[in-house]
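What follows is one structure encoded as structure tokens, with my remarks underneath.
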Amino acid sequence: QVQLVESGGGLVQAGGSLRLSCAASGSIFSINTMRWYRQAPGKQRELVAAVTSGGSTNYADSVKGRFTISRDNAKNTVYLQMNSLKPEDTAVYYCNADIKRTWDFSEYRYWGQGTQVTVSS
């Protein structure tokens, strides 16, 4: 089995910071791209940031300059450092990762359970 577990969400005032973590565990052979998505109430899930296995990153325009995605390949973990938070960043944040499994060497996209981020004005 493979699972992703997020942590680090919470309540913060506008202008504050939070750091999300997402750790992958289980029968993992390798991990390709890792991503953070978010979904606000009544809105579609949107891609926030992504990082490839080689470290290349891309960001949604709405978070550029404020959020930083990074990964620790030795720990199979992806992070999202969120600074200068705004009320419109309030959402459930989900990580996903393209993971090649040890038992069949097939690559699948796995999702975490989500973590709530609430930014008060």
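The values are calculated or read from the model by the stated rules, or taken from the named source; none is laboratory data. This structure is a prediction, so every number in the text was calculated from the model and none was measured. In this analysis, Cβ positions are derived from the backbone assuming ideal geometry, glycine residues included, and neighbour counts consider all displayed protein chains. Keep in mind that these areas ignore ligands, DNA and RNA; they rest on the heavy atoms of the full protein, side chains included. Shrake-Rupley method; radii C 1.70, N 1.55, O 1.52, S 1.80 Å.
Quick notes on this structure:
- Residues of region 18-55 classified as under 23 Å from residue 87 (Cβ atoms), small (Gly, Ala, Ser) and open to solvent by 60 Å² or more (accessible area, probe 1.4 Å), total: 1
- For region 1-24, the set of residues classified as assigned to a strand (DSSP E or B) and within 14 Å of the chain's Cα centre (by Cα) consists of 3, 4, 5, 6, 7, 18, 19, 20, 21, 22, 23, 24, listed by residue number.
- Pairs with Cβ under 8 Å, 6+ apart, first in region 70-82 and more than 10 Å from residue 31 (Cβ to Cβ), second surrounded by fewer than 20 Cβ atoms within 10 Å (Cβ to Cβ) and of a type in the set (D, E, K, R): 79/19; 79/72; 80/19; 81/19; 82/19; 82/66
- Restricting attention to region 81-121, the residues that are in contact with a helix residue (DSSP H, G or I) (Cβ under 8 Å, 6 or more places away or on another chain), of a type in the set (A, V, I, L, M, F, W, C) and modelled with pLDDT under 95 total 0.
- Count of residues meeting criterion [more than 17 Å from residue 69 (Cα to Cα) and either without any contact (Cβ under 8 Å) to a residue 60 or more places away in the chain or over 12 Å from the mean Cα position of the chain (by Cα) (or both)] in region 92-115: 11
- Scanning region 111-121 for residues that are under 25 Å from residue 28 (Cα atoms) and either open to solvent by 50 Å² or more (accessible area, probe 1.4 Å) or not in a loop (DSSP other than H, G, I, E, B) (or both) yields 111, 113, 115.
- Among the residues making up region 67-110, those that are surrounded by fewer than 16 Cβ atoms within 10 Å (Cβ to Cβ), over 16 Å from residue 55 (Cα atoms) and of a type in the set (A, V, I, L, M, F, W, C) are 103, 105.
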